[in-house]
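All remarks here apply to the structure that follows.
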Amino acid sequence: MQDLKHILYFADGDFGPTRALRRAVALAEQHRARLTLMDVTVESGITADLIRRYGLADDVQQSEQRLAALTHLAEDWVRGQPPRLRVTIGTPFIEVIRAVQRDGHDLLLKPVHGRPDDRGFFASNDLHLLRKCPCPVWMEHEPEQRDDVAAASPGEAVPMPRSARVLAAVDALQPGSAALNRRILDTAAAVAADSGAALDIVHAWQTPFAPVPTSDDPARSGDPQLADVLGVIEDRHATALQTLTADYRSRLGGGGTHLRRGEPAEQVLECARELASDLLVLATLSRPREPGLFIGTTAEDLLQGARTSVLALKPEGFVSPVQ
């Protein structure tokens, strides 16, 4: 991972020792980076009359309560240089992105609790952050029960949460994406090394024309000419993937490279399920594009379908729509 200078942890109302918090603390210690703990009070819009009548906490009082909770969290779990604490009032993803822009954070970490329905793993604010935050965003899946490390005594050294398998998704043939692909691989390799995890690298390609053979073996498609064309295309993708990953083979740690044919998002998600990957590293755009486009189609489908932690990167020159 790049040399980190200023890490932002967004609690999102969870004031326990989450995996995301422990990772933020450990990374800050490892990189000697500044650490900010942040939360946001959603603007309620409740009138002063209702607040007085029913004894409700107004937005300022709620913010004070959140700040007190962050203070206790920092006192219990952050050693060394005290973190900066920030609580704002407004729309959560907007407030967080503005903090990133204002203070120059180079990594955002946030806990994510899986939802037991079909609405997707990530909630609305999560998706807004993944799409629009200009710095790398690490959405850390939190287990239903705190693990043994989380139950360690406050004030002790906070070890880095462990990952078993890290999956880096690249597009080896995308024009102009060489630098971004290397950022993805460097980041994934560094995370895997920190955790002693296996590193897997996946590249999925889709036939650029119809019809698409239903068989996994082009030779069985019934059209020898089509089989030859698909073979040539696949060889190009295989060569590109081999070239891209040549410098990373010694860092796979028991993982491997995976070339998949089919709809890219479906293939990457299927690969993650088959490998039981617990972190997916990806880019939300291959390069800055026309105004108004902040995430690619494949990345959007990946985020909608992901059921694991995600570390999302942006291309150089990305400009957030949040100002």
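Side notes on the structure shown:
- Scanning residues 5 or more positions from Ser309 or on other chains, those with amide H under 5 Å from its amide H are His141, Leu280, with H placed 1.01 Å from N in the peptide plane.
- Cα centroids of the range 19-45 and the range 53-105: 10 Å apart.
- Hz values of 3J(HN,Hα) by residue in the range 6-20 - Karplus curve (6.51, -1.76, 1.60), Gly and Pro given as x: 8, 9, 10, 10, 9, 6, 6, x, 9, 9, x, x, 5, 4, 4
All of the numbers you see were taken from the coordinates with simple rules; none came from a lab. A quick note: this is a predicted structure, and the numbers were derived from the prediction, not measured.
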